[in-house]
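A.B. asks: One structure, as structure tokens, below. Some questions next.
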Amino acid sequence: LAPADLYVCHFTSGGSESNDTVFKLIRHYFKLKGETNRYKIIARYRAYHGVTMGATSATGIPVFRQMGGPLADGFVQAGAPYSYRCDKCESCAEGGAACAVQSMEEAILREGPDTVAAVIVEPIQGAGGVIVPPPGYMKEIRRLCDKYGILMIADEVITGFGRTGKWFGMEHEGVVADLMTFAKGITSGYVPLGGVILNDGLHKELAELSTAVLPHGYTYSGHPTACAVALKNLEIIERENLVANAAAMGQVLSAGLEQLK
């Protein structure tokens, strides 16, 4: 179901574990390549990526950051595409997109492009305020990642598996990340399961560069009960056309909100 060449999966038990896993995999990847300076992760203000230490360090909501501090090293925040609370100016005529893209590039340049390993984005920022990025924003973030040789992570934990009217939230922009994290929707929350999907090229590079076993995994990674529930859940979603139904109900909700406005 994952788009393009996102073929290879490492299973976890939830979204926080998935995001911690993706950070470790990426840092491991750049170490194997000899680029040991590339370890920083750029996230965004108002982002929510989970409550484990790495995921909390990437999260941009103050209450979560304050509880667990001091946070892990190497996590940086850039602006969110949010016109009501722009991080760079008082108001944004373009829904915060231009300022947010500029903020992201400024963060990359400030830290040094050769020190940045990845950018992580939620297709829609959930806990931070249900922030839907304006059209073109994700394409600009993809462009910046390509320009500076940075990996792009899509955190699809709350948007994956049909919740936005497409299988994955990034598909609304036609953008494919290098890695994708997921949880929640794969089992509709009935049983804990999450994971990281990485593209085929990245997986092949990791395999070619590795000389030992990957020293990472969880007790319940790929647990057969969780995977069986996920397969049945996805079967039901497909059989009952629930992704198309979510898209249709979204149009109904949108029309109602426009009427209220």
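A.B. asks: So for PHE161, PHE64, what's the accessible-area order with a 1.4 Å probe, most first?
C.D. replies: Working: PHE161 20, PHE64 75 Å².
Of PHE161, PHE64, the descending order of accessible area is PHE64, PHE161.
A.B. asks: Counting each DSSP H run of 4 or more residues in the chain as -39500 (n - 2.57), what helix-only mean residue ellipticity at 222 nm follows after dividing by all residues, to the nearest 500 deg cm²/dmol?
C.D. replies: On the way: 8 runs with 103 residues, N = 261.
Counting only the DSSP helices, I get -12500 deg cm²/dmol.
A.B. asks: In terms of the Cα gyration tensor, with a ≥ b ≥ c the square roots of its eigenvalues, is the stretch 118-261 rounded because a/c is under 1.5, prolate because a/b exceeds b/c, or oblate?
C.D. replies: Details: a/c = 2.42, a/b = 1.26, b/c = 1.92.
Since a/c reaches 1.5 but b/c is at least a/b, the shape of the stretch 118-261 is classed as oblate.
A.B. asks: Now, a different point. State the extension gain, in nm to one decimal, for the chain segment bounded by ALA255 and GLN66, taking 0.36 nm per residue of separation less the distance between their alpha-carbons. Provide the component values of the computation, followed by the final result.
C.D. replies: Details: separation 189, 0.36 × 189 = 68.04 nm, distance 3.90 nm.
64.1 nm is the gain from fully extending ALA255 to GLN66.
A.B. asks: I've got another one for you. Quick check for me: using +1 on Lys/Arg Cβ and -1 on Asp/Glu Cβ, what's the dipole size of the stretch 178-254 about its Cα centre, in debye to the nearest 20?
C.D. replies: Details: 4 positive and 7 negative charges, 58 e Å.
Approximately 280 debye in magnitude.
A.B. asks: Got the relative contact order for the chain handy, in percent, Cα pairs under 8 Å and 6 or more residues apart?
C.D. replies: After rounding, I find 23 percent.
A.B. asks: What percentage of the solvent-accessible surface of the chain, computed with a 1.4 Å probe over protein heavy atoms, is contributed by carbon and sulfur atoms?
C.D. replies: Details: 7140 of 12770 Å².
Percent of accessible area from carbon and sulfur atoms in the chain: 56.
A.B. asks: Any idea what the relative contact order of the stretch 181-259 is, in percent, if you count C-alpha pairs under 8 Å spaced at least 6 apart?
C.D. replies: Details: 36 pairs, mean separation 25.5, N = 79.
Reported relative contact order: 32 percent.
A.B. asks: Please calculate the 1.4 Å probe accessible area of GLU240, with all protein chains present, and give it to the nearest 10 Å².
C.D. replies: 100 Å²
A.B. asks: In the structure shown, do any of LYS184/LYS232; LYS31/LYS204; LYS88/LYS166; LYS33/LYS204; LYS40/LYS184; LYS184/LYS204 have a Cα-Cα gap over 20 Å, and if so which? It would help to have the intermediate numbers written out before the result.
C.D. replies: Working: LYS184/LYS232 14 Å; LYS31/LYS204 15 Å; LYS88/LYS166 31 Å; LYS33/LYS204 13 Å; LYS40/LYS184 27 Å; LYS184/LYS204 28 Å.
In this structure, LYS88/LYS166; LYS40/LYS184; LYS184/LYS204 lie more than 20 Å apart at Cα.
A.B. asks: Taking a ≥ b ≥ c as the square roots of the Cα gyration tensor eigenvalues, with a/c under 1.5 meaning rounded and otherwise prolate when a/b beats b/c, else oblate, which class fits the chain? Let's see the in-between values first.
C.D. replies: On the way: a/c = 1.61, a/b = 1.05, b/c = 1.54.
Cα axes put the chain in the oblate bin.
A.B. asks: Taking 0.36 nm per residue of sequence separation and subtracting the Cα-Cα distance, how much length would be gained by fully extending the chain between VAL132 and ILE236, in nm to one decimal?
C.D. replies: On the way: separation 104, 0.36 × 104 = 37.44 nm, distance 2.76 nm.
Full extension from VAL132 to ILE236 adds 34.7 nm.
A.B. asks: Can you give the relative contact order of the stretch 64-198 as a percent, counting alpha carbon pairs under 8 Å and 6+ residues apart? Walk me through the numbers on the way to the answer.
C.D. replies: Working: 208 pairs, mean separation 22.8, N = 135.
Taking the mean separation of contacting Cα pairs over the length of the stretch 64-198, I get 17 percent.
A.B. asks: Quick one: accessible surface of LYS184, probe radius 1.4 Å, all protein chains present, in square angstrom to the nearest 10.
C.D. replies: Number for this one is 100 Å².
A.B. asks: What figure in square angstrom, to the nearest 10, would you give for the accessible area of PHE11 with a 1.4 Å probe?
C.D. replies: PHE11 has an accessible surface of roughly 70 Å² with all protein chains in place.
A.B. asks: I would also like to ask the following. Based on the Cβ-Cβ distance from LYS31 to GLN102, what FRET efficiency comes out when R0 is 45 Å, to the nearest 0.05?
C.D. replies: Computed FRET efficiency for LYS31 and GLN102: 0.90.
A.B. asks: Let me make sure I get this right: for the stretch 1-145, a, b and c are the square roots of the gyration tensor eigenvalues over alpha carbons, sorted descending. Under 1.5 in a/c it's rounded, otherwise prolate if a/b > b/c, else oblate. Which is it? All intermediate terms of the calculation are to be shown ahead of the outcome.
C.D. replies: Details: a/c = 1.41, a/b = 1.33, b/c = 1.06.
Verdict is rounded for the stretch 1-145.
The values are calculated or read from the model by the stated rules, or taken from the named source; none is laboratory data. All values reported here derive from a predicted model rather than from experimental measurement. Glycine gets a Cβ as well: all are built from the backbone with ideal geometry, and neighbour counts include every protein chain shown. What goes into the accessible areas is simple: the full protein's heavy atoms, side chains included, and nothing from ligands, DNA or RNA. Shrake-Rupley method; radii C 1.70, N 1.55, O 1.52, S 1.80 Å.
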